[in-house]
Structures are given as structure tokens and as C-alpha cells.
Amino acid sequence: MSKGPTDKTTLAAIDSLRGTVTMARVLVESGRTIDLAGLDAEAATLCAQVAKLPAAIGQRLRPALEALVRDVEGLAATLPYPPGRP
């Protein structure tokens, strides 16, 4: 029996990261400053998990991953430019 990631555990990780991104976006939109270091680490873990999956499972998770990408792009659009940038 394999102890690697499954589509259920990976989907749960995707959903968790989407929740984190959504919360970060809400905080940014309310004027709060956020630290994205944890988000980077969580995304790296998720990418490693997805890379271990068989291609067929990866294909089934594609819609959820694409939704996550849209959420991350939405968050990026709300982030202010760093000082000194246009």
C-alpha cells in the first residue's frame, strides 16, 4: 500500500491553500499588510505533492489547480507596489 499523496489529500491541500489565499486577499483589501513567506512554503509543499501523483490523478485535479492559480492572480492584483515602484 502506497503512503504517497492521493487525490483526496492533494485536493484537501489545494482547498486549504485556496482558503489561505482568500484570507490574504481579504486582509490586503482591508488595508492590512501581509507576510507571504508562509504562502510560499505551502505552495512549494503542494507542488511537491502534485509532482508525486500519477498523471491521471493530476489531470483530475487540474480544475482545482487552475482555480487556485486564478485566486493567486487575484491576490497579486490586490497587492500594493513596494515603495519606490510605480
Search result, residues across the stretch 37-46 that are among the acidic types (Asp, Glu) and free of Cβ contacts under 8 Å to residues at least 12 places away in the same chain: 40
Pairs only if they're at least six apart or on different chains, beta carbon under 7 angstrom, first in the stretch 18-36 and farther than 13 Å from residue 74 by Cα, second β-branched (Val, Ile, Thr) and in a helix (DSSP H, G or I); list them, first residue then second. 34/28
Can you find, within the stretch 47-79, the residue that is surrounded by the most Cβ atoms within 10 Å (Cβ to Cβ) among those that are touching a residue at least 24 places away in the same chain (Cβ under 8 Å) and under 17 Å from residue 33 (Cα atoms)? 75
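Just so you know, all these numbers are worked out from the coordinates, no wet-lab data involved. Bear in mind that the values here come from a model prediction, so they are computed numbers and not experimental data. We place every Cβ from the backbone using ideal geometry, glycine too, and count neighbours over all the protein chains shown.
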